[in-house]
Amino acid sequence: MDAATKAADLLKHHRESIDRLDAILVFTLAERFKHTQAVGRLKAEHALPPSDPAREARQIERLQRLAEQADLDPEFAKKFLNFIISEVIRHHETFQK
């Protein structure tokens with residue numbers, strides 16, 4: 001097997017792994033949002049605010065620690081969670097109306 005064929009085979013296997021991981025991410029995010037939507041409904045029913053800044057800060061710190069353990073850029077993890085939190089809050093605000 002020549003070098004180009006080996007490289008193409010390795011590339012194929014990496015891409016297959018990436019595709020599987022992308023599917024896992026999508027299904028995991030869907031499951032997470034099912035729970036956050038339930039939280040949003042509960043907050044709306046009990047007149048609780050749509051965001052909880054103290055919990056959000058703890059979650060960001062937690063995710064940054066996990067990222068470090070996983071050898072992932074903690075700043076990327078923080079940006080990712082901030083994006084998710086902003087979406088969750090937006091959903092919670094719609095339940096408040």
* Asked: Tell me which lysines have Cα within less than 24 Å of residue 34's Cα, excluding those fewer than 8 residues away on the same chain?
  -> 43, 78, 79, 97
* Structure fact -> Farthest towards the positive end of the dipole of the range 3-96, among 5, 57, 33 and with Cβ unit charges of +1 on Lys and Arg and -1 on Asp and Glu, lies the Cα of 33
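Magnitude of the Cβ-charge dipole of the chain, K/R +1 and D/E -1, about the Cα centre, nearest 20 debye? Kindly include the intermediate steps, with their values, before the conclusion.
Numbers: 16 positive and 16 negative charges, 83 e Å.
Around 400 debye, computed over the chain.
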* Is it possible to state the helix-based mean residue ellipticity at 222 nm for the chain, with each DSSP H run of 4+ residues giving -39500 (n - 2.57), the sum divided by total residues, to the nearest 500 deg cm²/dmol? What is it? -> -30500 deg cm²/dmol
* Estimated dipole of the range 53-96 in Debye, rounded to 20 [Cβ of Lys and Arg +1, of Asp and Glu -1, Cα centre] -> 160
* Asked: Among all the aspartates and glutamates, which ones have a C-alpha under 19 Å from residue 6's C-alpha, if same-chain residues fewer than 8 places away are not counted?
  -> 16
* To do: Taking the dipole about the Cα centre of the chain, with the C-beta of Lys and Arg at +1 and of Asp and Glu at -1, give me whichever of 23, 86, 44 is farthest to the positive side.
  => 44
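Sort 48, 25 so that the residue with the fewest other Cβ atoms within 10 Å of its own Cβ comes first and the one with the most comes last.
Values: 48 14, 25 10.
Exposure proxy ranking, most exposed first: 25, 48.
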* Only one of the listed values, (i) 2.96; (ii) 1.21; (iii) 1.51, was derived from the coordinates as Cα Rg over 2.2 N^0.38 Å; which label is it? -> (iii)
* **Residues 26, 88 arranged by fewest to most Cβ contacts within 10 Å** => 26, 88
* Structure fact -> Out of 69, 59, 37, a Gaussian network model of the chain with alpha-carbon springs under 10 Å gives the largest mean-square fluctuation to 69
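No value in this document is a laboratory result; all are computed from the given coordinates. If you're wondering where the values come from, they're calculated on a predicted model, not measured in any experiment. Cβ atoms come from the backbone with ideal geometry, glycine included; neighbour counts cover every protein chain shown.
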